[in-house]
Amino acid sequence: MLHFVLLIACAVAIYLSCEWFVNAVEWLGERLNVGRMAVGTILAAFGTALPESVVTLVAVTTGATPEAKNIGVGAAMGGPLALATVAYGVTGTMLLLQRRKRRAAALAGGPAGGDAPEAATGELGTPQDMRRLAKDQSWFLPVFVVKVALGLVAFAFKPVLGLAFFAVYALYFWREIRGDHEEDEEGVELEPLKFQPKAASPATWAVVAQTLLTLVVIFFASQLFVHQLDAIGPMLGLSASVTALLLSPIATELPEIMNAVIWVRQGKTKLALANISGAMMIQATVPSGLGLLFTSWHFDTALVWAGLVTMIAIGYLLMLMRAHALTAGRLALAAGFYVVFGLGLIPILG
């Protein structure tokens, strides 16, 4: 019973910390003078993906056995899978719920929509927003394909290729930071900083302090959440392998999922989608580079299956984005690929 109580407590702590984190990171973006999209793709994504990257680093560098080191490899594959399916699916579901809420409000004679800057551009943003999101996925997919392909072969200089993955992320980072700010909304009003709610323009130290403090809480709450899942899995009759491959990725990507929920609720869908796509780029490069440098980077059937489902999910979304046919409902369907992944694990692990 204690594990279930702690699981719920951790989920609540992560959600509340993420609410304070997104509040701080928007102000941090304003202080650093980066574009609104870069707030999601770089600042928020880097912050929420940092804990998982640290866990991967610790696993691959200090693991006493190959099995212990492979925990980092599994995390490097599970993260992108959870983001490409569950995170995007939750975002689409939240958009559908917001649509229903607006319709109910309109029927009741209340305000039909929020006053967020994206309210007038459609649920998923403008065509320009979709092109930019598609470009992010176009960066991710080939990198991920190479990452999976390297897990199927063995050759002497494979570890050195880990440095190439770091270089790819550095290039992506440079592109985002130097992106054209003209695409961003002008005059966007930020909510008051939680640390200084009465200040029209909070102090820089308060912005940095709130950002760092919330990241610390997110990191420890996420790790405790994963440990509770590891304990609860066997109680539910799930093997350790199923828990590690099916439930742990959801737990480790919970901050990104919570960020998406919060930003969609605030009417900032562009930031929610940018956070997910930016986190996917980090997950496709940094943990992979670490894995290549410090492990044999050899995939078993379950990891290959995870990679295949991830590629299919991104291919599905990318096709809809390029055809300008992506809707909230079709985005929500992305979560179905995670169900397919779970069903496919039955014969693999059975």
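The values are calculated or read from the model by the stated rules, or taken from the named source; none is laboratory data. Here the structure is a predicted model, which is why all the values come from computation and not from measurement. Using ideal geometry, Cβ is built from the backbone for each residue, glycine included, and neighbour counts are taken over all protein chains shown.
Restricted to helices (runs of 4 or more DSSP H) entirely inside segment 1-106, those with at least 3 residues that are at pLDDT 90 or above are 2-32, 66-82. When the residues of segment 299-339 are narrowed to those that are charged (D, E, K, R) and assigned to a helix (DSSP H, G or I), which ends up farthest from Ile276 (Cα to Cα)? Looking at residues that are charged (D, E, K, R) and assigned to a helix (DSSP H, G or I), I get Arg322. Just to be sure before I move on: is Leu292 within 18 Å of Ser53 (Cα to Cα) and surrounded by fewer than 24 Cβ atoms within 10 Å (Cβ to Cβ) in the structure I sent? It is false that Leu292 is within 18 Å of Ser53 (Cα to Cα) and surrounded by fewer than 24 Cβ atoms within 10 Å (Cβ to Cβ). Could you check how many residues of segment 1-52 are within 16 Å of the chain's Cα centre (by Cα) and either among the aromatic types (Phe, Trp, Tyr) or crowded, with 21+ Cβ neighbours inside 10 Å (or both)? Count: 21. Checked against the criterion of being among the hydrophobic types (A, V, I, L, M, F, W, C) and touching an Asp or Glu at 6+ places or on another chain (Cβ under 6 Å), segment 90-102 contains one or more residues that satisfy it. Within segment 214-232, the set of residues being surrounded by fewer than 22 Cβ atoms within 10 Å (Cβ to Cβ) and small (Gly, Ala, Ser) comprises Ala231 only.
Among the criteria (1) within 30 Å of Ala154 (Cβ to Cβ); (2) under 18 Å from the mean Cα position of the chain (by Cα), the one Ala274 does not fulfil is (1). In segment 299-338, the qualifying residues are those that are hydroxyl-bearing (Ser, Thr, Tyr) and in contact (Cβ under 8 Å) with a residue 40 or more places away in the chain, and the one that is surrounded by the fewest Cβ atoms within 10 Å (Cβ to Cβ) is Thr301.
Could you list all residues from segment 1-56 that are small (Gly, Ala, Ser), within 17 Å of Val216 (Cα to Cα) and in contact (Cβ under 8 Å) with a residue 60 or more places away in the chain? Passing the criteria: Ala11, Ala13, Ser17, Ala24, Ala44, Ala45, Gly47, Ala49, Ser53.
Where the second residue is surrounded by 15 or more Cβ atoms within 10 Å (Cβ to Cβ) and the first is under 19 Å from Gly278 (Cβ atoms) and lies in segment 140-154, which pairs have Cβ atoms under 6 Å and are six or more apart or on separate chains? Filtered contacts from segment 140-154: Phe140/Met280; Phe140/Met281; Phe140/Ala284; Leu141/Ile314; Val143/Val168; Val143/Ala284; Phe144/Ala284; Lys147/Ser288.
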